[in-house]
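Working notes for the structure below.
Nothing in this text is a laboratory measurement; each read-out follows from the coordinates by a stated rule. Just so you know, these numbers come straight off a predicted model, no measurement behind them. FYI the Cβ positions are ideal-geometry reconstructions off the backbone, even for glycines, and counts take in every protein chain you see.
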Ligand code: ATP
Ligand code: FE2
């Protein structure tokens, strides 16, 4: 169990004193976060590591069910509050893996029902963006959201967070993890591939697939795995793979920036930890006179604090959900949500 707490962010100081708790569990990580105003009082999470192979949704959901009580108690303890002090309960409604979403929604609903606290189901991708805006101070960024299951380039326009580009097949993190697995490196593969890549600068050409504004990673990954089977050095493959997929991501982010005429870039999601990716985006941002920022890693990975924060601002802007509205949505799209809490 990891606990990252008590971060105060003072960019917006006009909010009321609402205490919000957020439950996250779209994939590997079960997280519970508590926020008051713009302060993170608790952010506790525990990640399911598959014993072998990729993620098994039912096994991950069982993990979430097993640890949720302990993580909740730890979060309340760290925040030094009682459940009765909470004004709103939020949870990840989607997108994500069905069994995981249902497990976490059930926990949130039971709490809401028993303690008669309002409940709000939030969009996971928007939660990444809103906590990112809060902690970086960026006001209207193009967001590059890169995780295991998600890869989207998003910007706000006309009261929606619109997807300007996205993966057509797998999430970028899943592609990296799959290559790592073929190399015998266990989950999460990202940091291990990054380390390997640091000891090579021998670029071997791999398929580069940007299709319009969209991306695809499966062809690049398959070719990299073939090269491994043919005996190319792991370091060269790791290096070439990173260079290829991160260049594609940087190209699409740059085009979204120029299309929207925005001047800020927010990088978030678990893959945002990668130094080479940050470096590429930073160089591009400098070129474009744009501000480039990345939230602290405890708020980039899947976490409960971001869910609590989005639930809080939705609640403050008048959103109310009935228990009947709290069904999970495995394919809940970023651009489905009316962003009534933004005034611009
Ligand atoms: P989501 O449900 O949003 O898709 P997730 O379960 O993939 O989330 P995250 O914590 O957002 O969870 O991201 C985990 C991913 O990030 C894994 O694929 C992991 O390999 C990748 N990752 C972590 N560190 C690095 C790194 N340094 N470089 C590249 N990838 C990384
Ligand atoms: Fe995520």
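Against the compact-protein benchmark of 2.2 N^0.38 Å, the Cα-based radius of gyration of the range 243-321 scales to 1.31.
Cα convex hull, the range 53-103: 97 Å³ per residue, rounded to a whole number. Mean separation of Cα pairs under 8 Å and 6+ residues apart, divided by the residue count of the chain: what relative contact order is that in percent? Averaging sequence separation for qualifying contacts and normalising by length gives 24 percent for the chain.
By the gyration tensor of its Cα atoms, with a ≥ b ≥ c the square roots of the eigenvalues, what is the shape of the range 300-343: rounded for a/c under 1.5, prolate for a/b over b/c, or oblate? The shape class here is rounded. Note: relative contact order over the range 102-240, using C-alpha pairs below 8 Å and six or more positions apart, is 17 percent. Compared with the dominant Cα axis of the chain, that is its longest principal axis, helix 172-182 is turned about 60°. The C-alpha atoms of the chain define a longest principal axis, and helix 218-229 lies at about 50 degrees to it. Counting other Cβ atoms within 10 Å as a rough exposure proxy, the listed residues 147, 218, 112 run 218, 112, 147 from fewest neighbours to most.
When the Cα gyration tensor is reduced to axis lengths a ≥ b ≥ c, the ratio a/c is 1.5 or higher for the range 139-196, and with a/b above b/c it is classed as prolate. Our analysis of the range 105-144 gives Rg over Rh at 1.18, with the two radii drawn from alpha carbon positions and Rh computed by the Kirkwood formula. For the range 189-344, the Kirkwood estimate of the hydrodynamic radius, built from every pair of different alpha carbons, is 18.3 Å. Here, P(r) means the percent of Cα pairs in each 5 Å bin from 0 to the largest distance; for the range 176-252 it is 3, 18, 28, 27, 16, 6, 1. For the chain, modelled as a GNM with alpha-carbon contacts under 10 angstrom, which of 169, 236, 325 fluctuates the most? For the chain, modelled as a Gaussian network with Cα springs under 10 Å, the answer is 325. Please report the antiparallel percentage of the DSSP beta bridges confined to the chain, to the nearest 5. Once the DSSP bridges in the chain are tallied, antiparallel ones form about 65 percent. Starting from the Cα gyration tensor of the range 123-249, take the square roots of the eigenvalues, sort them a ≥ b ≥ c, and report rounded, prolate or oblate (rounded when a/c is under 1.5, otherwise prolate if a/b is larger than b/c, else oblate). Taking the square roots of the gyration eigenvalues as a ≥ b ≥ c, the range 123-249 is prolate. Taking other C-beta atoms within 10 Å as the exposure proxy, 167, 139, 26, 326 rank 139, 326, 167, 26 from fewest upward. Computed over the range 186-229, the Cα gyration tensor eigenvalues convert (square root of 5λ each) into semi-axes of 21, 14, 12 Å, ordered from largest to smallest.
When shorter helices are ignored and each DSSP H run of at least 4 residues is given -39500 (n - 2.57), the per-residue value for the chain at 222 nm works out to -13500 deg cm²/dmol. Shape analysis of the range 29-126 based on the Cα gyration tensor places the equivalent ellipsoid semi-axes at 23, 15, 13 Å, largest first.
The relative contact order of the range 162-314, computed from alpha carbon pairs under 8 Å that lie at least 6 residues apart in sequence, is 22 percent.
Taking one quarter of the surface of the C-alpha convex hull of the chain gives a mean projected area of 16.2 nm². Here residue 17 and residue 261 are evaluated by their C-beta separation; at R0 = 25 Å the FRET efficiency comes out at 0.10.
Available extension along the chain between residue 232 and residue 77 is 50.7 nm, counting 0.36 nm per residue and deducting the alpha carbon span. In the chain, the longest principal axis of the Cα atoms and the axis of helix 57-79 are about 50 degrees apart.
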